[in-house]
1. Which value at 222 nm does the chain reach when only helices count, each DSSP H run of 4 or more adding -39,500 (n - 2.57), with the total divided by all residues and rounded to the nearest 500 deg cm²/dmol?
2. Please give, to one decimal in nm, the separation of the simple spin-label points placed at Leu180 and Asp159, each 7 Å out from Cα toward the Cβ.
3. Which helices, taking whole DSSP H runs in the chain, have alpha carbons extending 15 angstrom or more along the helix axis plus mean Kyte-Doolittle at least 0.5?
4. Express the Stokes-Einstein translational diffusion coefficient of region 80-186 in µm² s⁻¹, to the nearest whole number, given a Kirkwood radius over alpha-carbon pairs, 25 °C and a viscosity of 0.890 mPa s.
5. For Asn91, list long-range residues whose amide hydrogen, built 1.01 Å from N in the peptide plane, is under 5 Å from its own amide hydrogen.
6. What's the exposure ranking of Arg93, Arg13, going from fewest to most Cβ atoms within 10 Å?
7. For region 1-124, count all C-alpha to C-alpha pairs, find those more than 25 Å apart, and express that count as a whole percent of the total.
8. Binning every alpha carbon pair distance of region 146-186 at 5 Å from zero, what are the percents per bin?
Amino acid sequence: MLELIDQINKIYRAIDQQIEVLQQASGLQCPSGCGKCCENPQVETTVLEVLPLALELVQRDEAEYWLEQAAHANHSGVCIFYQPDHLVAGNGRCGVYAWRPSLCRLFGFASITNKHGQSELAACKIHKQTMPEVLATLPIELAPNFSDYSMQLRNLNPDQSDLLPINTAMAIAINKVGLLRDYQDY
Ligand code: SF4
């Protein structure tokens, strides 16, 4: 399990590095404090992708607390790790930023392949509104590709790669990691 989590983290580092290069080349940034993408109640991820986060929570002895939060949210809705800024609508922060899954890293910065076989940015609505000139000149070849990274992650363990609501995936991952820790079998 620890080896698998290392491999997931390596892919996350590659995503982050590629996004940094894209940001430096293009100037594409999220508006300060924006949390709109996290306010979507339909964010999905896989159990595999939240294993690093589950391990972190188990090691912090917070597994029980977060399992209760997920149950309280009925394992659905807005991500339980989102911390809204109650003073500014649409603003907020991720409470587990370093451990977030690939969609949360790639959203607004990744390319998809369109029906003509060409790469295009899967641009975020807020980026389209606030920086159309940056999007117009963005070097798309530098953008990480959603499908490439999804495939790399899926190939690590296809059995844990079905898309689920993020709070459901988290609860399953915490239970998996917690169980393995109980049996000293990471
Ligand atoms: S893990 Fe973090 S970035 Fe992803 S939806 Fe939850 S709060 Fe937002």
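1. Mean residue ellipticity at 222 nm (helix-derived): -14500 deg cm²/dmol.
2. Those two pseudo-labels are separated by 1.2 nm.
3. 166-182
4. Answer from the Stokes-Einstein relation: 147 µm²/s.
5. Gly35, Asp85
6. Arg13, Arg93
7. Of the Cα pairs, 32 percent sit more than 25 Å apart.
8. 5, 20, 19, 24, 19, 9, 3, 0
Computed from the coordinates by the stated procedures, all read-outs in this text should not be read as laboratory data. Keep in mind the model is a prediction, meaning the values are calculated, not measured. In this analysis, Cβ positions are derived from the backbone assuming ideal geometry, glycine residues included, and neighbour counts consider all displayed protein chains.
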